[in-house]
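Inspection log for the structure reproduced underneath, given as structure tokens.
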Amino acid sequence: MSPNRRDFIKFVVSGAVAAGCPIDLSLLAADQARESPAVDGEDNRICHQVRDGKIFTRPPVSAHHDVVIVGGGVSGLTAAYLLRQKDFLLLEKEPHWGGNAYLMEYQGSAYATGAAFLEKSEIAYEFSQQIGLQPLPVNCWDGSIIKGEFIPDTWGEGLDKLPYPVSVREGFKKFRKEILAIDLKKRYEELFGVPLSNFMKGYPIEIKQWWDAYGPSNWGAVSEDTAAALGVTDLQAMAEENREDDRYTWPGGLGAITKKLSEILQPTFADRMQNGATTVAVVPTRNGVQVTYMQGLELKTVAAKAVIMATPKFITRRIVEGLPEKQSEAMHMMRYAPYPVVNLIFDKPVFNKGYDNWCPGNSFTDFIVADWVVQKQPGYRPQFNILTCYTPMREDDRGYLLTESSARKIAVNVLTDFQKLFPGSNVDPLEVHIYRRGHPMYMSTPGLFTKVQPVARQAMDRIFFANTDSEGPLSTTPGGIAAARRAVKQAENRLAGKPALKETAVVAGSV
């Protein structure tokens, strides 16, 4: 390493980026200095004050709008896009747009910090085309890296190649056969009310180990805390006889959607899109709703005819006054997984064998090849091999994301595990970027989709609830778009003096 290379850590604090913090290279291999990790993440200082019950003094109303949208992730941006003909105000606490679907770049090469892909059957596919994006096919069934070996198409042809004893491989095949025989439609309600682990009794522990990587990455929960319907649905899709990989994405994952939305909106509506604006109170009044937010050191209050809350329910219930008790309790029941994402940036090819690769037994669950969907395009010349490592954590470990040093250790652990993963993986990256989030993904626990979410998203008189955690059964970008569409229709009906739309029991994101 050149002595001119700086060792620093970069992190996000309340809507600003601070850099230049030293890193302890002794955390890495003692005999070899590596490039220091760069850390990106959130500091929810004001949100933590709201969570802890701090009461902010609300100033007088300074502006009036048709609709105020709280939250600038995919759900809030979609709502703003759909309300272009209305006088809207969009408030986002971070210095950037996108929320959990946020695209970042390294010297022009895009990579994801969260949401990875969508399916052709989901409304996000059609919506992305509507805003001018062309989804690119993944066309690669998930592989796994086990005991140093890459196993393509794990639950398809890969079962015969698993580096396990014959008895374990046979256990995998028997489990697949049992799950494929389940009639999802007939057992729908039952499967959403029981844990996936119920179906693993008597099977080799290696099956549970695999799903305890897959589950936290996809829906925030290990098999004991997972609604069985989720695992059954995914395994049937991965292993059924006439399967077709209908996943699509872009370099940088679904952050391409929020990037495009912000590019569409900002030239015309820049004055109505406020970054660094943390909402602290949403208060219904006789003829509208007042929204108080902090921007910099200044508190502001605006009035709206309707409000769309495109924010996680754990913070929504703290800032919306007058929530019905049962609705507040439903929001309180929702659990969220802390979920940092670590990007390893290499200046040489290290891994390009598969798109999404599962790594049970490591500090990260899986990693995605950032430019997978463009690698075969004519004339494409990759500059970097960027591998996006998904690193969901246990709820009890959320505190490790709060400090610079502990977040850095998470990135170090991911790099250390990766360099032991397979022959040829012990390569030093140019940089390591960790994007840390404390509550990005709700956990799809038994009963949540069928009993809790329908209550949590019930519309109030002039307040409507969007965000990915308003829909189900998974926390997804398509779910966030579906929630925005519903909330916008509800708000438009209220503005027109029509009755609120009734709830419909549909799977979020479906066309």
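Quick notes on this structure:
- For the stretch 346-384, taking the residues that are touching a strand residue (DSSP E or B) at 6+ places or on another chain (Cβ under 9 Å) and free of Cβ contacts under 8 Å to residues at least 40 places away in the same chain, the one that is nearest to Gln209 (Cα to Cα) is identified as Val369.
- Within the set Val341, Val414, the sole residue that is touching a Cys at 6+ places or on another chain (Cβ under 6 Å), modelled with pLDDT of 90 or more and of a type in the set (Val, Ile, Thr) turns out to be Val414.
- When residues of the stretch 485-501 are limited to those that are touching a helix residue (DSSP H, G or I) at 6+ places or on another chain (Cβ under 7 Å) and open to solvent by less than 60 Å² (accessible area, probe 1.4 Å), the one nearest to Ile319 (Cα to Cα): Ala487
- Failed item, numbered, when Val67 is tested on (1) open to solvent by 20 Å² or more (accessible area, probe 1.4 Å); (2) at negative phi: (1)
- Answer from Thr416, Thr391 - the residue that is under 24 Å from Phe117 (Cα atoms) and either polar (S, T, N, Q) or touching a residue at least 40 places away in the same chain (Cβ under 8 Å) (or both): Thr391
- Residue list for the stretch 215-245, restricted to those being of a type in the set (Ser, Thr, Tyr) and part of a loop (DSSP other than H, G, I, E, B): Thr226
- Residue in the stretch 29-36 that is out of contact with any strand residue (DSSP E or B) (no Cβ under 7 Å at 6 or more places or on another chain), open to solvent by less than 30 Å² (accessible area, probe 1.4 Å) and at pLDDT below 90 present: yes
- Pick from the stretch 325-374, criterion in a loop (DSSP other than H, G, I, E, B) and of a type in the set (Gly, Ala, Ser), ranking: farthest from Ala411 (Cα to Cα): Gly354
- Residue count for the stretch 248-268, restricted to those that are open to solvent by 20 Å² or more (accessible area, probe 1.4 Å) and touching a strand residue (DSSP E or B) at 6+ places or on another chain (Cβ under 8 Å): 5.
- Within the stretch 329-373, tally of residues that are of a type in the set (D, E, K, R) and over 18 Å from Tyr106 (Cα atoms): 5
- Residues of the stretch 269-282 that are aliphatic (A, V, I, L, M) and buried (at least 16 other Cβ atoms within 10 Å of the Cβ): Met273, Ala277, Val280, Ala281, Val282.
- Only residues that are among the acidic types (Asp, Glu) and either open to solvent by less than 20 Å² (accessible area, probe 1.4 Å) or touching a residue at least 12 places away in the same chain (Cβ under 8 Å) (or both) were counted across the stretch 311-328, and they come to 1.
- Just one of (1) farther than 30 Å from Ala281 by Cβ; (2) open to solvent by 40 Å² or more (accessible area, probe 1.4 Å); (3) without any contact (Cβ under 8 Å) to a residue 24 or more places away in the chain fails for Lys451. It is (1).
- Residues considered: Leu402, Leu415, Leu421. Of these, the only one that is under 17 Å from Asn352 (Cα atoms) and not β-branched (Val, Ile, Thr) is Leu421.
- Members of the stretch 109-149 found to be in a loop (DSSP other than H, G, I, E, B), over 14 Å from the mean Cα position of the chain (by Cα) and within 25 Å of Phe364 (Cβ to Cβ), listed by number: Val138, Asn139, Cys140, Trp141, Asp142, Lys147, Gly148
- Selected residue (only one of Thr258, Thr226 is farther than 15 Å from Leu118 by Cβ and modelled with pLDDT of 95 or more): Thr226
- Lone unmet requirement of (1) crowded, with 18+ Cβ neighbours inside 10 Å; (2) closer than 21 Å to Ile69 by Cβ for Asn287: (1)
- Just one residue in the set Ala466, Ala484 is out of contact with any strand residue (DSSP E or B) (no Cβ under 7 Å at 6 or more places or on another chain), of a type in the set (A, V, I, L, M, F, W, C) and modelled with pLDDT of 95 or more; that residue is Ala484.
- Filter result (surrounded by 10 or more Cβ atoms within 10 Å (Cβ to Cβ) and of a type in the set (A, V, I, L, M)) within the stretch 176-194: Ile179, Leu180, Ile182, Leu184, Leu191, Val194
- When the residues of the stretch 99-125 are filtered to those that are in contact with a Lys or Arg (Cβ under 9 Å, 6 or more places away or on another chain) and over 19 Å from Cys389 (Cα atoms), the one that is surrounded by the fewest Cβ atoms within 10 Å (Cβ to Cβ) is Lys120.
- You will find that of Tyr248, Tyr293, the residue that is assigned to a strand (DSSP E or B) and more than 30 Å from Ile179 (Cβ to Cβ) is Tyr293 and no other.
- The residues in the stretch 454-484 that are surrounded by fewer than 24 Cβ atoms within 10 Å (Cβ to Cβ) and among the aromatic types (Phe, Trp, Tyr) can be counted, and the count is 0.
- Which numbered condition Thr450 fails, given (1) of a type outside the set (A, V, I, L, M, F, W, C); (2) in contact with a helix residue (DSSP H, G or I) (Cβ under 9 Å, 6 or more places away or on another chain); (3) not in a helix (DSSP H, G or I): (3)
The values are calculated or read from the model by the stated rules, or taken from the named source; none is laboratory data. Remember, it's a predicted structure, so these values are computed and weren't measured experimentally. Positions of Cβ are generated from backbone atoms using ideal geometry, with glycine treated the same way; all protein chains shown enter the neighbour counts. What goes into the accessible areas is simple: the full protein's heavy atoms, side chains included, and nothing from ligands, DNA or RNA. Shrake-Rupley method; radii C 1.70, N 1.55, O 1.52, S 1.80 Å.
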